[in-house]
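Below is one structure; the comments refer to it alone.
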Amino acid sequence: MIKTTRTTLNYLTGILTTIIFVFPEVIRAQSEEVAEIVTDSLFRVDRINALIFVVVFCSAILLYTKWAKAGKPLFLRKIPGLDAVEEAVGRATEMGRPVLFIPGIAELDEIETIAGVSILGRVAKITAQYDTPLMVPVRYPLVLAAGQEVVEQAYIEAGKQDSYDKDSVRYVAGEQFSFTATVNGYMMRERPATNIYMGAFFAESLLLAETGNAAGSIQIAGTARPEQLPFFIAACDYTLMGEELYAASAYLSREPIMTGGLKGQDFVKMLIIVAIIIGVLLATFDVGEWYIHLFEEV
Amino acid sequence: MRTSLPIAVAFISGLVLVVAFFFRDDSLIGSLRQEFIVWLTIIGGFTLLLGVVSIVRVSWTAVKRRKEGWFYKILTLLGVFAMAIPAVLPVSWSPLFGRSDGTIYDWLFNYMQSPMMSTMFATLAFYIASAAHRAFRARSAEATILLITACAIMLWRIPMGEAMLNMIPGDLPSWLNTYVMGGANMAVQRGIIIGAALGAASMSLRIILGIERMYMGKG
Amino acid sequence: MSFWERMEKLDRRWVYLAVGIAVIIPFILPTPLPISITTEAQSLFDAVEALPDGSNVMLVYDYYPSTIAECEPIAIAACHHLFRKNCKIITLSNIPYGGPSMAEKITRMMADQYGKTYGVDYVNLGYKYGYVAVLSGMGQSIESIFPADNSGTLLSELPLMDSVKNYEDIAFIFEIADNATADYWVSIVNAQYGVPIGCGGTAVMAPKFYAYISSGQFVGLLGGMRGAAEYEILINKQADAVKGMQAQSLVHLLIIGLVIFGNVGFFVTRSKQKRGAA
Amino acid sequence: MSGWEIFQVWLVAFLTLALFSFMYKDNPIYRIAEHIFAGLTAGYQVGLIWDTIILQQVWVPMTSGQWWVVIPGILGMLMFTRFSSKYSWVSRSSLAFVMGATAGIFLISELHGRVLPQIQDTMVSLSGEGGFGATMLSIIIVIGVISTLIYFYFSKEHKGALGVTARVGIWFIMISFGAHFGYTVMGRVSLLIGRMQFLIEDWIGSFI
């Protein structure tokens, strides 16, 4: 595995050096000709930097996904809040009270919702083992279908098919605030021991977290919306921030698509950091303006 | 057929839009892209109607089966039809129909829907205040940094607070704008934007290639 | 129960009441205070000011009716500024829950003040589904995405649209947003077609947009009601936003007070509990 | 004010207060307002789609000779098969077109329009030419961006140099979230002020 990574790295470094060293020459020597080509040809020569970036990005994602599917062990670091999930479900069992899980309030085409639903699968497995009641309110019919499938699967895998309750995943309301009002009502009446919020949340984040806090539940949240994170950080016991949500779902589900995508993005992220450092050095010593122009968007 | 056709459709439509980006607008693929974009606005428009149909169905079932709160669902149904019917009737029948100034549709929007939407959000000010009182605690170093920055920003953005900050020597307001908002905050937002963009791009790639199919309703 | 413990358990409705009072007082006893101008607002104003008279400007109403309080003052101020400079305004909206109605209402109201004619000085394109499609489609042809305006008049019957075919004919875009659509104006329209964009956003969105200001993808930024107030001062038409800023002051101070109060209580009760346990 | 205008102001005031009343307690008046609200929002979309999509984009072009817009029109109609459990698979192709085309636009716009310019703008000079303030700002930006990217890097355990950078990253992130928090408070309060402006100036002002 290390060997393949290295070969790919070599390969990609090759592409990168070509971009860095060959490309500026072309631009410098033929900038006038390029301008002509740009206006003449149907192909947008001026967008070739974007083309290279897109190709590098797509190859990284696809290669890592392929490796993940082939069963290569790809390391992902553990995220601190994750242990808390297990503990919190355990606490609910001790107290004999239910666990509330909300996979966000967005449609299933939102990547955060997909991450939320796959974490739900993991949580359902734990509740199945401990026979803890689980309640999952959802806002869209598609999320309902996916959620039910995931939870049922988890109960089957835990060998607790009989205790699976089809109504545990429930369509509540289509409108944002009616959804929130219903869930808040549930929290105050049933007082779940643990509330887990994983997915896309909007203005209702504070309403949910505040009510849960008032009801005395342990709360764990995860969302990629920076504008809602301060409220979760303030009102919940643990919060997964931004991409940690995706990493958590990849870590828990071990789904090759998720893991591969994440590793591919990590790889590109490293390339970006290196590119930035090179750029900063060049700018500081006032050389290689062409390099910075490579990142021009047109 | 049930899965392969949709995957082929997603692949072709996605690929055309990606490739067309690298060609001039007046090329063949450029015009195909434009056609696809027009189609996208048309087909996508129908998805909005799906949501409406769902609401009507759910409310209707609740009323029919006399579920708890069915009376309220009648109001929802009334709301839908009061807004929709006058809007779709031809303007030539009456100036009250259609969607322009002075129609029923416009009136319902201005005097009912719009004020209700703004009130819903306005209640959040109350909740934030009560959360400020009970939830926002300096439990850790991180939470302390968050709270101090938040309070400084809140002061800076109000005239009274700005006057207070100006009493401290060293032009704090412009310092906050340059180094906190335009410096540290900007850098983090940029990091988050790059990360989120990579995530969205990788999701898009998987949809185009048919690896990700959860949107079809299957895991 | 000590004072702090009792405060910890204070019914939240008392806090609601305090907020209500803090908002109402400034309406009864107004205390005007100076409002300074941030560089972001100034540069947006300068960019609009620098437009040649009579330029075609797109004014985008990308906000929901729920944030009218923050966004409408921006829209009104923008209309003042643009109509005063005799710019031709083309409005549109990517919000299916009221966007086109708000665009229609505000632009019409402002146009009447300045004696502008619909179809010649301004046009409301209305709404089409899918902002990414709308934004990228208008790069080639506005008419293929919007064959008709908001009320169904064909674009070919509107004189203003004779000279406006796609982004090449647009000098400036004034985007007013309370959601992520603003990001796509940046990543599609500015990046691919190079039209300068100025943004008026809700306060919630403002911190993120600093990244686009820095990269030059937004020429300027108005953050929420405060940003609107700054713009009102810049164009010398003080209205709702400037008035609202007074009310804003008291509530902010109340909330800061509550945070400090809550934290003092937290530390006092915690140290007491620790002593009790020891 | 005419009678009709007074009625309008009172109607808006009633709805505003009905929704505010939830903060005291859930109550039937709130639920009435809430349900009407949900209905109106849905109805608004029907009017909008009927006019702007079905009439303007399908019917008008079709009757003036562009017969091929029938295709997207039919694909759009097929979406409704989603409500049948037997034929719901038919809707998948329409959905796939929407998803695929949107993904195509996204893939490019995210990488080209967002990542590239943001990388480019981070390549700032640290040489100190622009004076102390400007250099400090550049240093903050470079460190902030890199440490944030490192914090969200999952392929390695956060230990050693990586751990230190990630730690710096979290402090930066907290400053940014603090800013978000401050701005969000400002925004929500502004919305409340907007409603109060109406209640005090338009409503109460209309009878005192």
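Quick rundown of the values:
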quantity	calculated
Some residue of region B:163-172 being open to solvent by 10 Å² or more (accessible area, probe 1.4 Å) and at positive phi	yes
Test for A:SER118: is it open to solvent by less than 40 Å² (accessible area, probe 1.4 Å) and either of a type in the set (Ser, Thr, Tyr) or in contact with an Asp or Glu (Cβ under 7 Å, 6 or more places away or on another chain) (or both)	yes
Residues being in contact with a helix residue (DSSP H, G or I) (Cβ under 6 Å, 6 or more places away or on another chain), open to solvent by 40 Å² or more (accessible area, probe 1.4 Å) and either among the polar types (S, T, N, Q) or not in a helix (DSSP H, G or I) (or both) - total across region B:1-23	2
Residue match in region B:122-131 (condition: modelled with pLDDT of 90 or more, within 8 Å of chain D (Cβ to nearest Cβ) and surrounded by 19 or more Cβ atoms within 10 Å (Cβ to Cβ))	no
Check on B:SER59, within 30 Å of D:PHE7 (Cβ to Cβ), assigned by TED's automatic domain parsing to the domain that holds B:VAL9, modelled with pLDDT under 90 and among the polar types (S, T, N, Q)	yes
Unmet criterion (only one of (1) out of contact with any Ser or Thr (no Cβ under 6 Å at 6 or more places or on another chain); (2) surrounded by fewer than 17 Cβ atoms within 10 Å (Cβ to Cβ); (3) in a helix (DSSP H, G or I)) for D:THR81	(1)
Unmet criterion (only one of (1) at pLDDT 90 or above; (2) within 29 Å of B:ARG206 (Cβ to Cβ); (3) open to solvent by less than 30 Å² (accessible area, probe 1.4 Å)) for A:ALA70	(3)
Any hit, region A:82-100, residues being within 27 Å of B:MET203 (Cβ to Cβ) and within 14 Å of chain B (Cβ to nearest Cβ)	no
Residue within region A:205-215 that is in a strand (DSSP E or B) and either modelled with pLDDT of 85 or more or among the aromatic types (Phe, Trp, Tyr) (or both) present	no
Subset of region C:68-93 (residues that are touching a residue at least 60 places away in the same chain (Cβ under 8 Å) and open to solvent by 10 Å² or more (accessible area, probe 1.4 Å))	C:ALA69, C:GLU72, C:PRO73, C:ILE76, C:HIS80, C:ARG84, C:LYS88
Scope region C:233-263; condition in a helix (DSSP H, G or I), open to solvent by less than 60 Å² (accessible area, probe 1.4 Å) and more than 14 Å from chain D (Cβ to nearest Cβ); matching residues	C:ILE233, C:LEU234, C:GLY262, C:ASN263
Test: residue in region B:101-112 that is within 7 Å of another protein chain (Cβ to nearest Cβ), open to solvent by 50 Å² or more (accessible area, probe 1.4 Å) and of a type in the set (A, V, I, L, M)	no
Flag if A:GLU227 is free of Cβ contacts under 8 Å to residues at least 24 places away in the same chain, within 7 Å of another protein chain (Cβ to nearest Cβ) and closer than 25 Å to B:GLY210 by Cβ	no
Among (1) open to solvent by less than 10 Å² (accessible area, probe 1.4 Å); (2) in contact with a Lys or Arg (Cβ under 9 Å, 6 or more places away or on another chain); (3) not in a helix (DSSP H, G or I); (4) not small (Gly, Ala, Ser), the one test that A:PHE202 misses	(1)
Selected residue (only one of B:ILE158, B:ILE168 is touching a His at 6+ places or on another chain (Cβ under 7 Å), free of Cβ contacts under 8 Å to residues at least 40 places away in the same chain and of a type outside the set (S, T, N, Q))	B:ILE158
So D:MET186, is it over 30 Å from A:ILE48 (Cβ atoms), modelled with pLDDT under 95 and within 31 Å of the chain's Cα centre (by Cα)	yes
Filter result for the condition that a residue is farther than 24 Å from B:MET154 by Cα, open to solvent by 20 Å² or more (accessible area, probe 1.4 Å) and either facing another protein chain (nearest Cβ under 7 Å) or at pLDDT 90 or above (or both), over D:SER94, D:SER125, D:SER147, D:SER109	D:SER125
Candidates D:GLY194, D:GLY178, D:GLY182, D:GLY169, filtered to the one that is open to solvent by less than 20 Å² (accessible area, probe 1.4 Å), over 18 Å from B:LEU155 (Cα atoms) and at the interface with another protein chain (Cβ under 7 Å from one of its Cβ atoms)	D:GLY194
Counted residues, region D:1-42 - those being out of contact with any Leu (no Cβ under 7 Å at 6 or more places or on another chain) and either surrounded by fewer than 22 Cβ atoms within 10 Å (Cβ to Cβ) or modelled with pLDDT of 90 or more (or both)	27
All positions within region C:189-213 that are assigned to a loop (DSSP other than H, G, I, E, B), among the β-branched types (Val, Ile, Thr) and over 15 Å from C:ASP62 (Cβ atoms)	C:VAL195
Selection status of C:ARG6, over 24 Å from the mean Cα position of the chain (by Cα), within 14 Å of chain D (Cβ to nearest Cβ) and over 19 Å from D:GLN197 (Cα atoms)	no
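Condition check ((1) among the aliphatic types (A, V, I, L, M); (2) surrounded by 11 or more Cβ atoms within 10 Å (Cβ to Cβ); (3) at pLDDT below 60) across all residues:
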site	(1), (2), (3)
A:THR7	no, no, yes
A:GLY14	no, no, yes
A:GLN30	no, yes, yes
A:GLY96	no, no, no
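The rows are residues; the columns are (1) within 21 Å of C:PRO207 (Cβ to Cβ); (2) among the aromatic types (Phe, Trp, Tyr); (3) outside any helix (DSSP H, G or I); (4) outside the structural domain of B:GLY14 (by TED's automatic domain parsing).
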residue: B:MET154; (1), (2), (3), (4): yes, no, no, yes
residue: B:MET164; (1), (2), (3), (4): no, no, no, yes
residue: B:PRO173; (1), (2), (3), (4): yes, no, no, yes
residue: B:TYR179; (1), (2), (3), (4): yes, yes, no, yes
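Matching residues to (1) farther than 26 Å from D:MET174 by Cβ; (2) of a type outside the set (Phe, Trp, Tyr); (3) within 11 Å of chain D (Cβ to nearest Cβ):
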{"position": "A:LEU208", "(1), (2), (3)": "no, yes, no"}
{"position": "A:ALA247", "(1), (2), (3)": "no, yes, yes"}
{"position": "A:ALA250", "(1), (2), (3)": "no, yes, yes"}
{"position": "A:PHE267", "(1), (2), (3)": "yes, no, yes"}
{"position": "A:ILE273", "(1), (2), (3)": "no, yes, yes"}
{"position": "A:ILE277", "(1), (2), (3)": "no, yes, yes"}
{"position": "A:ALA283", "(1), (2), (3)": "yes, yes, yes"}
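The values are calculated or read from the model by the stated rules, or taken from the named source; none is laboratory data. Note that this is a predicted model, so its numbers are computed, not measured. Neighbour counts run over all protein chains shown; Cβ positions are idealised from the backbone, glycine included. Ligands, DNA and RNA are excluded from the accessible area calculation, which covers all protein heavy atoms including side chains. Shrake-Rupley method; radii C 1.70, N 1.55, O 1.52, S 1.80 Å.
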